Amino acid sequence: MVVAKANAGGAATSCFRTAKPLPSLVTVLGLGYFGWVVFWPEAIPYQSLGPLGPFTQYLLEHHHTLLHSWYWLAWLIHVGESLYAIVLCKSLGGVLRNRPSLGISLLQFP
């Protein structure tokens, strides 16, 4: 952190790196499936999902309120970490002044 503040120009440009595709894909698919389960459970083809189908059906039948709460908690955590990243980069030298769309994309795609 001390080095980053001393070399604000060099450290600030490396504040954000391109995300690796696999973790991003897992996050998008996971939150997409989670939203599908929470908001449209009648549209899920449980028999076509293999072992995930009966497990999802069990969770919906016995823990629907918990699933709903955890869905919103997951989004809250992702938005919180995006806001934290914006604040951190501003304190490291203002990377977002050079890339205004970066802050917007952080909030849209946690």
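The values are calculated or read from the model by the stated rules, or taken from the named source; none is laboratory data. The structure presented is a predicted model; accordingly, all values stated were derived computationally and were not measured. Every residue, glycine among them, receives a Cβ derived from its backbone with ideal geometry; neighbour counts consider all protein chains shown.
Hey, can you tell me all the residues within segment 43-90 that are closer than 24 Å to residue 24 by Cα and hydroxyl-bearing (Ser, Thr, Tyr)? The answer is 56, 69, 71, 82, 84. Determine whether residue 83 is part of a helix (DSSP H, G or I), modelled with pLDDT of 75 or more and either surrounded by 12 or more Cβ atoms within 10 Å (Cβ to Cβ) or in contact with a strand residue (DSSP E or B) (Cβ under 7 Å, 6 or more places away or on another chain) (or both). Answer is yes for this residue. Segment 1-74 holds helices (runs of 4 or more DSSP H) entirely within its bounds, and those carrying 1 or more residues that are out of contact with any Cys (no Cβ under 6 Å at 6 or more places or on another chain), modelled with pLDDT of 90 or more and under 26 Å from residue 89 (Cα atoms) map to 21-39.
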